[in-house]
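A.B. asks: First the structure, which I've put down as structure tokens, then a few questions once you've had a look.
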Amino acid sequence: MRRFTLGIFVAFALGGAVFLSRSTGYQSSPKQVAEGFQIQVEEKNPFTGLKPNAAPEQFQFAIISDRTGGHRPGVFSKAVQQINLLQPEFVMSVGDLIEGSQDPKVNREQWNEFNSYTSQFQMPFFYVTGNHDAANPALSAVWKEKYGRKSYHFTYKNCLFITLNTNDENGEDPKVASSFRKERIGKEQLERVAGAIKDNPNVQHTFVFLHHPIWAAKDTKANGWDGIEELLGDRATTIFCGHIHTFRKFVRKGRNLYQLATTGGGSSMRGVEYGEFDQVAWVTVKKDGPVISHINLDGIYKEDLSPFESTETGREEAVPKELTRVYGTASLLGKPAEGLLAVFTEIPADAKTRPYSGNARTSMKGTFEVYANRGAPGLKPGKYKVHFVPAPSLVVDPNKKAVENPIPERFRSGATTPLVIDVPKGDGSSFTFNLE
């Protein structure tokens, strides 16, 4: 009797389970595998597709920029931690990694400090020389002592990576060889690049890294850039540099050339509109070419939003004391002068003194505030000439139609401008300019 009663209970329980499963609409079915996903695929699905954004040839790398010219405390060392969160496969650079000195002992100390940060990278880091790193005999000797060659190349996943030394001391002119200061690429370096290109004729893409934007110089034949472009021919190439501490994108002979902002280097930090921000460039290489983005370091946080820790000190550049904040408005032909760059050039009492200068981009309302180049807001008290030019575009493309300069001719240069102002001592001074 008990067995019969137990049998009825089990049958009832099983029947109830079947009824409940049918009533809820649940139907167990085997998972389907598509492009690595294991998921149930039905006639209608809550996803857009099952093809992942991945391929055997695809990879990502990061690029850091200048850390010199009065590097700001805590920026680069935090950038290392932030890049580790992004997890690229490796990290490139564009030079100016230490402040540099005429004293080999100081240079070794600065490299030891810098390497204490790069040793924290969870991926390989590739050095590129800048003028602060190797542009005098003392710097050059320490670079060779620590890193050997100043230009080199490598391949990764069918891409060619070329690094260049734009303070090339190897040349025919002994004055250039002794000074290291002329921005150039010498004959021997061009021959090494030629060999790298010859040995890698069928790569998917070529990347070039150098410090100075020497393609923007007046004589690109003399500085070796024409030779680089000739060697590159028509191969797909993307180029990165630093040095100026402001972002620009150049389009030249069908190629994109990026002048990166800073990764802790001296900057007024006025924002993306000026091209003044701390960044890493982020490159995703795909079969049909690289995808480039620029990441503002102010927007990278830890998973729990806890602060990054750093003991990295900075080096402040000499800034005149008692600067006066200078701001105001400008109008052009009776309307707010939007998108102009106001340039303030000191008229020094002594002709031998290098004039102080500053600039400001005008807003939609024609308002502006003046900053010194890579410096603090304000100007030294004194007399200044003021002229205006169209604010430089962040993209320099000769194929784009040139926009007519709307500024009356007499306001376009310091030599002809009638605008002369006196900047007094004090907290701030306002000026109004009418360009008629």
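A.B. asks: Out of all the residues in the stretch 365-389, which are modelled with pLDDT of 95 or more and surrounded by fewer than 15 Cβ atoms within 10 Å (Cβ to Cβ)?
C.D. replies: 365, 383, listed by residue number.
A.B. asks: Only one of (1) within 24 Å of the chain's Cα centre (by Cα); (2) free of Cβ contacts under 8 Å to residues at least 24 places away in the same chain fails for residue 109. Which number is that?
C.D. replies: Going through the list (1) within 24 Å of the chain's Cα centre (by Cα); (2) free of Cβ contacts under 8 Å to residues at least 24 places away in the same chain, residue 109 breaks only (1).
A.B. asks: Residue check: is residue 306 of a type outside the set (Asp, Glu) and free of Cβ contacts under 8 Å to residues at least 60 places away in the same chain?
C.D. replies: In short, yes.
A.B. asks: It is to be established whether one or more residues within the stretch 231-253 are surrounded by fewer than 21 Cβ atoms within 10 Å (Cβ to Cβ) and assigned to a helix (DSSP H, G or I).
C.D. replies: Looking for residues that are surrounded by fewer than 21 Cβ atoms within 10 Å (Cβ to Cβ) and assigned to a helix (DSSP H, G or I), one finds at least one in the stretch 231-253, hence yes.
A.B. asks: Another question, then. Residue check: is residue 258 farther than 19 Å from residue 96 by Cα, aromatic (Phe, Trp, Tyr) and modelled with pLDDT of 95 or more?
C.D. replies: Spelling it out, it is not the case that residue 258 is farther than 19 Å from residue 96 by Cα, aromatic (Phe, Trp, Tyr) and modelled with pLDDT of 95 or more.
A.B. asks: A further question on this structure: Residue by residue through the stretch 394-436, note down the ones that are part of a loop (DSSP other than H, G, I, E, B), out of contact with any strand residue (DSSP E or B) (no Cβ under 8 Å at 6 or more places or on another chain) and either surrounded by 12 or more Cβ atoms within 10 Å (Cβ to Cβ) or of a type in the set (Val, Ile, Thr) (or both).
C.D. replies: The answer is none; no residue qualifies.
A.B. asks: If residue 357 satisfies every condition in (1) in contact with a strand residue (DSSP E or B) (Cβ under 7 Å, 6 or more places away or on another chain); (2) in contact (Cβ under 8 Å) with a residue 24 or more places away in the chain; (3) not charged (D, E, K, R) but one, which is the exception?
C.D. replies: (2)
A.B. asks: Name the helices (runs of 4 or more DSSP H) wholly within the stretch 116-181 that hold at least 1 residues that are surrounded by 15 or more Cβ atoms within 10 Å (Cβ to Cβ), at pLDDT 95 or above and of a type in the set (Asp, Glu)?
C.D. replies: In the stretch 116-181, 131-134 are the helices (runs of 4 or more DSSP H) which contain 1 or more residues that are surrounded by 15 or more Cβ atoms within 10 Å (Cβ to Cβ), at pLDDT 95 or above and of a type in the set (Asp, Glu).
A.B. asks: Only residues in the stretch 69-80 that are closer than 8 Å to residue 264 by Cβ and assigned by TED's automatic domain parsing to the domain that holds residue 118 count as the first member; pair them with residues that are surrounded by 22 or more Cβ atoms within 10 Å (Cβ to Cβ) and of a type in the set (A, V, I, L, M, F, W, C), Cβ under 8 angstrom, at least 6 apart or cross-chain, and list the lot.
C.D. replies: Listed pairs, sorted by first residue: 76/64; 79/64; 79/280.
The values are calculated or read from the model by the stated rules, or taken from the named source; none is laboratory data. Predicted, not measured: the structure shown is a model, and the values here were computed from it. Using ideal geometry, Cβ is built from the backbone for each residue, glycine included, and neighbour counts are taken over all protein chains shown.
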